[in-house]
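The values are calculated or read from the model by the stated rules, or taken from the named source; none is laboratory data. Because the structure is a prediction, the values reported are computed rather than measured. So basically every Cβ, Gly included, is an ideal-geometry build from the backbone, and we count neighbours across all protein chains shown. Areas reflect the complete protein model, heavy atoms only, side chains present, ligands, DNA and RNA absent. Shrake-Rupley method; radii C 1.70, N 1.55, O 1.52, S 1.80 Å.
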Amino acid sequence: MFNEKLTAFVCVADCGSFNKAAEKLYISAPSVMKQINSLEKHLGLKLFDRTNHGIRLTPAGQVIYKHAKYLFGYSEKVIEEAKKAQYAEETTFRIGSSLLNPCKPFMDLWYRINREFPGYKLRIVPFDDDHEGVLSEIAALGNKYDFLIGACDSENWLELCNFKQLGEYRLCCAVSREHPLAKKELITFDELRGETLMMVKRGDSHAVDAFRLEAERVPMIHIEDTAQFYDIEVFNRCAQTRNVLLSLECWDSVHPGLVTIQVDFERGVPYGVLYAKNAPADVLRFLSALDTVT
């Protein structure tokens, strides 16, 4: 962490000789003397008295030596602390968590296989569900996060990350608590006649596109396109209107003003673990370990 001139100065002072310092530093004695001369010129100080009997530190040299030794010792502590920090970072899995993509399902998996990762810790990294910024969060896998977990049927998402499917979430409908459908246990497409159905635009999710196609076959269902990716404002709009929102079973507690009801539609949306395209070995080892518990 220090320049070669200061290192040479301390070595000469410790050895009491340019020649011995040169041997220790694996350079020539003239090179050592050149570095000392350059350091003295740079500082504007005489650091050594040179006599026929050898060299000794000047009063100024003694001050520089004392503080240089302290700096060297402090430097070693800093490096050791940095190594520990790096080790802690290398043995920490960073898990992204948001309202729509909470980390609890990941935590449930972690405590089933964490014995295979002794010394590893988890750090929860919160982020906001913002339909305009969610793609940048997905792209941050490998840098900001090691894992995200949640529903993923988005072609845009899958261009930015890898995905290990663990199962499926059922498609549901969310309605305000005052809506006539709120007390239903299962909603059919026929019961959506006359309703405004909010859902993401066509072209990004195969499961949602299949649901849209089925809904379009039923007369009097009006479809309102939402933002490409849901955030809390989509749920707020549903709660503030008499609209019906296409949702997922895992989002039943996202908005307290809404009721989530299953729909008569067999196809679900895949959910699982999202991770970086070029994930490190320990991330891949964790994903492999999931096969033993899923």
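The figures follow:
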read-out	value
Interchain or long-range residues, amide H under 5 Å from VAL263's placed H	CYS173, ILE187
Charge sum, other residues only, whose C-beta stays under 12 Å from LEU290's C-beta, Lys/Arg counted +1 and Asp/Glu -1	0
Accessible area of the chain belonging to carbon and sulfur atoms, whole % at 1.4 Å probe	51 percent
10 Å-binned pair-distance histogram of region 60-219 (Cα, whole percent)	8, 24, 24, 18, 11, 7, 4, 3, 2, 0
Residue range of the chain that is longest and free of GluC sites (Glu not before Pro) which are both DSSP loop and sparsely packed (at most 14 other C-beta within 10 Å)	1-131
In order through region 195-205: 3J(HN,Hα) via Karplus (6.51 cos²θ - 1.76 cosθ + 1.60), integer Hz, x for Gly, Pro	9, 9, 9, 8, 7, 5, 4, 5, x, 10, 10
Over the chain, relative contact order from alpha-carbon pairs under 8 Å, at least 6 apart, %	20 percent
For the chain, accessible area per residue (1.4 Å probe, heavy atoms of protein chains only), Å²	56 Å²
Considering only the chain, percent of DSSP beta bridges that pair antiparallel, nearest 5	60 percent
Label assignment, semi-axes √(5λ) of the Cα gyration tensor in Å derived from the structure, set (i) 32, 23, 18; (ii) 68, 19, 15; (iii) 37, 22, 16	(ii)
Local net charge near GLU137, Cβ-Cβ under 12 Å (Lys/Arg +1, Asp/Glu -1)	-4
